[in-house]
Amino acid sequence: MANVVTPLIISCFVILVYIASILTYSIVFIGSKNPFDQSLQLDSERYNQMATGINYIYQTDVGKSTQTVLLNGMNFSQNQFLLFYDTTPFASKGHVAVTFPCNEEDPSKPSFQILSGRAPDLFTVPLGYIQNISSVPSMCVFHGQFGFGDPITDLALKYTGEGSIALKGPYSVVVSGLESFIPKEKSFEELQHAQLATHQ
């Protein structure tokens, strides 16, 4: 019995010495704040840097949402696009995942673009290719994120391939809205609505 108790007592003693040394270090070298408080403070500062960028006023979450747009049966000519997401006047942050036919020359390069912005100013969203769940050549899966920078109210799907394409498979766009807020500056659409209202 003594052989079992002795290592246990030694282990407890070593743990207590270790805790005491950490507390002593935090008081002497770091000050009154312990490392855990400092870590929380750094996380908070990092969040504030991300969440208080240019043109961003945090109001409140207006609800996390997921929207799926089925593309089966749609036809596109080169440079035609489908506007599939509009949150005006709220700007959104979130994630988008898409499935469509693979580019025959290089499956990792999509034949479609996801455009994001505040209409009429839309820009290309960088898309990552998910090879593990793609089925070349019939279906390729891509994903990207939007809104972690300038405010985003609109998302569109644009065909960039040659000629025209008919989507006959189970293709789709899935948008997950993670956070919404009111931007400082009004969008073109809001300004246009206000202008039209004054002429009625």
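Annotations for the structure displayed:
- Met139-Ile19 pseudo-label distance in nm [points 7 Å out on the Cα-to-Cβ vector]: 5.4 nm
- At most 13 other Cβ within 10 Å, DSSP loop - chymotrypsin sites (Phe, Trp or Tyr not before Pro), the stretch 119-200: Phe148
- With a simple spin-label model that places each label point 7 Å from the Cα along the Cα-to-Cβ direction, the separation between Glu190 and Thr124 comes to 3.0 nm.
- Between Ile9 and Ser77, residue separation times 0.36 nm minus the direct Cα-Cα distance comes to 16.8 nm.
- Efficiency of FRET from Cβ geometry, Lys168 and Phe148, R₀ 35 Å, rounded to 0.05: 0.55
- Potential lengthening between Thr160 and Thr68 on full extension [0.36 nm per residue; Cα-Cα distance subtracted]: 31.0 nm
- Share of Cα-Cα pairs in the stretch 65-183 lying beyond 22 Å, as whole percent: 30 percent
Since every read-out is calculated from the coordinates, none of them should be taken as a lab result. Not measured: the values here are computed from a predicted model. Please note: Cβ atoms are built from the backbone with ideal geometry, for glycine as well, and neighbour counts cover all protein chains shown.
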